[in-house]
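Notes follow the structure.
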Amino acid sequence: MKQYKTIRAALFDFDGVVCDTESQYSVFWGGQCRKYHPEEPGLEHRIKGQTLVQILGTCFSGQLSEYQHQVVEELNEYEKQMDYCFVPGFEPFIKNLQQHGVKTAVVTSSNMDKMRNVYRQHPDFEQLFDRIITSEDFTKSKPHPECYQIAAEGFGLSPSECVVFEDSFNGLKSGRAAQMSVVALATTNSREAVYPYSDVVISDYTGFDYEKMCRLLAESHCE
């Protein structure tokens, strides 16, 4: 039986976890993939969790490298117009975590240029977190655990003291590989699809708090 330990840090992916943006990215990358990779239907779903640098390196290399600059420009303009709405119940939940002394961090494959767009819509965004880790802070993208390992080390905590909140398969695998507890958000994929990669699955944060999180994690670890 896996022993349950107190959660001291909550590490959040951004898209589909903090803000409900995944459907907007599916539109953008779906269009790009259909344009440049019509031979690979559904490619936009398989690249979730990768940094922009990695997407360009894997999907726009070789003969397509000449289009990288155009794709980046179109993405930058698209992100400026995006709606960065919080996932339902997120703000009350993270404030509840802080009341219980839990450290909080965003751990995202997005870059700082994109996050500045978020800050413009949410001027108090940075105050919700103790740390914000972006693609500039790590070299290996999800599903590699590096980004979550960096977050834990920054807080001086062990993996067993951290819980990861993710929605994409690459992100969920990253949390697992980091040997942390994993809560899946069924905002991008179905509950049935993300269940095998997580300890707990939630639709959003409505009615979710620190005590419920700890109880559900404890129950999952005892199964």
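The values are calculated or read from the model by the stated rules, or taken from the named source; none is laboratory data. What you see is a predicted model; the values in this text were computed from it and never measured. For neighbour counting, all protein chains shown are included, and Cβ atoms are generated from backbone atoms with ideal geometry for every residue, glycine included. Heads up: the accessible areas ignore ligands, DNA and RNA and are worked out on the full protein's heavy atoms, side chains in. Shrake-Rupley method; radii C 1.70, N 1.55, O 1.52, S 1.80 Å.
Points worth noting:
- Verdict on V194 being open to solvent by less than 20 Å² (accessible area, probe 1.4 Å), closer than 23 Å to G101 by Cβ and among the β-branched types (V, I, T): no
- Per the listing T108, T139, T134, the residue uniquely over 14 Å from the mean Cα position of the chain (by Cα) and β-branched (V, I, T) is T139.
- Per the conditions (1) open to solvent by 30 Å² or more (accessible area, probe 1.4 Å); (2) in contact (Cβ under 8 Å) with a residue 24 or more places away in the chain, the sole criterion not satisfied by R46 is (2).
- Within region 57-78, the set of residues being within 22 Å of M115 (Cβ to Cβ) and of a type outside the set (A, V, I, L, M) comprises G57, Q68, H69, E73, E74, N76, E77, Y78.
- Helices (runs of 4 or more DSSP H) fully within region 16-112 counting 2 or more residues that are modelled with pLDDT under 95 and more than 25 Å from E146 (Cβ to Cβ): 22-36, 68-81
- Condition broken by G16, with the remaining ones in (1) on the phi > 0 side of the Ramachandran plot; (2) surrounded by 14 or more Cβ atoms within 10 Å (Cβ to Cβ); (3) without any contact (Cβ under 8 Å) to a residue 40 or more places away in the chain satisfied: (3)
- Residues located in region 157-174, provided they are surrounded by fewer than 24 Cβ atoms within 10 Å (Cβ to Cβ) and part of a helix (DSSP H, G or I): P159, S160, E161, F169, N170, K173
- Applying the condition of being open to solvent by less than 10 Å² (accessible area, probe 1.4 Å) and part of a loop (DSSP other than H, G, I, E, B) to region 175-187 and asking which residue is farthest from S141 (Cα to Cα) yields M180.
- Scanning region 49-63 for residues that are in contact (Cβ under 8 Å) with a residue 60 or more places away in the chain and among the hydrophobic types (A, V, I, L, M, F, W, C) yields L52, V53.
- Within region 188-205, residues that are in a helix (DSSP H, G or I) have Cβ atoms under 8 Å from residues that are charged (D, E, K, R) in these pairs: V194/D167; Y197/K173; Y197/R176, counting only partners at least 6 apart in sequence or on another chain.
- Number of the condition not met by K142 [criteria: (1) touching a helix residue (DSSP H, G or I) at 6+ places or on another chain (Cβ under 6 Å); (2) surrounded by fewer than 17 Cβ atoms within 10 Å (Cβ to Cβ); (3) not in a helix (DSSP H, G or I)]: (2)
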